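Read through the structure below, which is laid out as structure tokens, and then see the notes.
The values are calculated or read from the model by the stated rules, or taken from the named source; none is laboratory data. Here the structure is a predicted model, which means the values were calculated and not measured. Please note: Cβ atoms are built from the backbone with ideal geometry, for glycine as well, and neighbour counts cover all protein chains shown.
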Amino acid sequence: MDEETAIQRLKAGDCQGLEFLVLRYQVKALRVANLITRDLPLAEDVVQDCFLGLIRAIRTFDQQRPFEPWFMRSVVHAATRAAQQQAREVYPASEDDWFEQLFGNTRSAEDEVQALEDQQRVLDALQKLSPRQRAVLVQRYFLGWSEKEMVTELGISAGTVKWLLNAARNRLRSLLAKGAQDEA
């Protein structure tokens, strides 16, 4: 079965179409949601809800457009909303090494230690960004969306996309520089 057939089957109410799409996009969707929420159980819930919502929303999908950006947009929006809601609640900071779980271990011991320290600095700085800022950085740098794709998928102007990306990058850069000064 290919993606087009899976979408047609899902539109017809056949759950095998959904199974194909879950198998194809679940890992990537989970990584996206996890990068935004920074909470693996919450990210799993977000992705599950997005796939369940897909059953209803697939009827509105225009098959002339690519499926992946359309679906990932719903994952990004849901993860952003969940992260914003979670930010309003008080939880102890999780010290999970979730980044390592996502990307695996393929480096020498020295490189691994340095990479983990760098990743932790970046993750700590990302956590200080708003969920919306984290979301645009994930869309641009993890999903690899161009600014034009972001405009199309988010339904906002090019100027707004550029402003969001610039603000998020500047804030991240500032936080990383401040962290480096604090360590010195």
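All conditions in (1) surrounded by fewer than 15 Cβ atoms within 10 Å (Cβ to Cβ); (2) of a type outside the set (Gly, Ala, Ser); (3) touching a Lys or Arg at 6+ places or on another chain (Cβ under 9 Å); (4) part of a helix (DSSP H, G or I) hold for Gln63, with the sole exception of (4).
Taking (1) surrounded by fewer than 17 Cβ atoms within 10 Å (Cβ to Cβ); (2) in contact with a Lys or Arg (Cβ under 7 Å, 6 or more places away or on another chain) in turn, Glu19 satisfies each apart from (2). In region 93-184, counting only helices (runs of 4 or more DSSP H) that sit wholly within it, the ones holding 2 or more residues that are modelled with pLDDT under 75 and under 19 Å from Arg38 (Cα atoms) span 98-103. Mind checking whether some residue in region 1-17 is among the acidic types (Asp, Glu), outside the structural domain of Val138 (by TED's automatic domain parsing), under 25 Å from Met150 (Cβ atoms) and touching a residue at least 12 places away in the same chain (Cβ under 8 Å)? Yes, region 1-17 contains at least one residue that is among the acidic types (Asp, Glu), outside the structural domain of Val138 (by TED's automatic domain parsing), under 25 Å from Met150 (Cβ atoms) and touching a residue at least 12 places away in the same chain (Cβ under 8 Å).
A quick yes/no check of all residues on (1) closer than 23 Å to Arg134 by Cα; (2) in a loop (DSSP other than H, G, I, E, B); (3) at pLDDT below 90:
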{"position": "Ile7", "(1), (2), (3)": "no, no, no"}
{"position": "Gly13", "(1), (2), (3)": "no, yes, yes"}
{"position": "Asn34", "(1), (2), (3)": "yes, no, no"}
{"position": "Leu52", "(1), (2), (3)": "no, no, no"}
{"position": "Ala57", "(1), (2), (3)": "no, no, no"}
{"position": "Glu68", "(1), (2), (3)": "yes, no, no"}
{"position": "Val76", "(1), (2), (3)": "yes, no, no"}
{"position": "Thr80", "(1), (2), (3)": "yes, no, no"}
